[in-house]
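Some notes on the structure that comes next.
Read the figures in this text as sums done on the coordinates, not as results from a lab. These numbers come from a predicted model, not from an experiment. Virtual Cβ from ideal backbone geometry, glycine too; neighbours counted across all protein chains shown.
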Amino acid sequence: MMNNDVLETPSRYGLTAILLHWLVALLIGAAFALGVVMVDIPGLTPTKLRYFSWHKWLGVSVLALAALRLLWRWWRGVPPAVDMPRWQQQASAIGHALLYVLMFAVPLSGYFYSLAAGVPVVYFGVWPLPVLMEADPVLKPVLKQLHITLVYTMLVIIAVHLLAALKHHFIDRDGVLKRMLP
Ligand code: HEM
């Protein structure tokens with residue numbers, strides 16, 4: 001992996017990776033909160049429809065930024081793991097890989113669910129996104145369940161990710177959290 005001293009020093013993440021990390025964290029939190037709130041609104045009110053749109057825009061933004069993050073990671077690399085047991089290094093690598101997979105799988109399942117329901121996604125109400133499949137009443141409930149299952153899987157892994165970061169910060173005091181802060 002390439003490491004350029006200007007943006008990425010060997011011991012910590014660069015500013016771009018840090019900004020992308022916290023922006024994606026914020027957008028996932030917002031998409032999740034809105035998702036939970038919107039599905040609980042009874043009937044088909046204008047507010048509910050607006051929340052559905054916002055939810056989709058947030059989710060599509062997560063997808064685009066996840067792609068950017070992955071490209072950035074391949075280009076710039078990541079700082080080497082701090083001194084910790086081998087099983088923790090492996091657990092961290094698996095956890096991060098799963099988070100990347102879910103940053104794609106969660107928005108994509110929502111996107112295809114929306115298409116299966118016959119509702120094309122118009123990003124920010126301006127840019128129509130590709131209609132990659134026809135409305136499909138058979139796939140619709142399957143994709144809905146897939147979206148929900150993947151979302152709650154992601155929630156569990158994010159919780160572990162968060163607890164690990166806090167353990168490194170407050171118990172191990174090894175600077176792992178600080179290298180993801182500006
Ligand atoms: C990181 C991205 C995303 C997160 C965290 C997320 C999260 C959620 C959550 C928590 C729910 C409520 C699930 C429940 O019933 O408990 C939901 C529902 C939904 N999501 Fe997403 N979502 C994301 C991306 C997307 C995208 C990109 C789309 C479409 C373009 C989408 C479309 C939907 C739809 C249509 C529902 C309503 C399901 C129903 O009919 O009950 N989501 N999402």
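Quick rundown of the values:
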| quantity | calculated |
| --- | --- |
| With 5 Å bins from 0: P(r) over the range 89-182, alpha-carbon pairs, percent | 3, 13, 16, 16, 14, 11, 9, 8, 6, 3, 1 |
| Spatial extent of the range 131-182: Rg and Dmax, with the Cα atoms as the point set, Å | 18.6, 52 |
| Per-bin percent of Cα-Cα distances, the chain [10 Å] | 9, 32, 32, 18, 9, 1 |
| Over the chain, relative contact order from alpha-carbon pairs under 8 Å, at least 6 apart, % | 23 percent |
| Dipole magnitude of the range 106-182 about its Cα centre (Cβ charges: Lys, Arg +1; Asp, Glu -1), debye to nearest 20 | 300 debye |
| Residue among Leu98, Leu65, Leu129 with the largest mean-square fluctuation in a Gaussian network model of the chain, springs linking Cα atoms under 10 Å | Leu129 |
| Long-range HN-HN contacts of Tyr123 with modeled amide H, under 5 Å | Leu129 |
| Dipole magnitude of the range 15-180 about its Cα centre (Cβ charges: Lys, Arg +1; Asp, Glu -1), debye to nearest 20 | 260 debye |
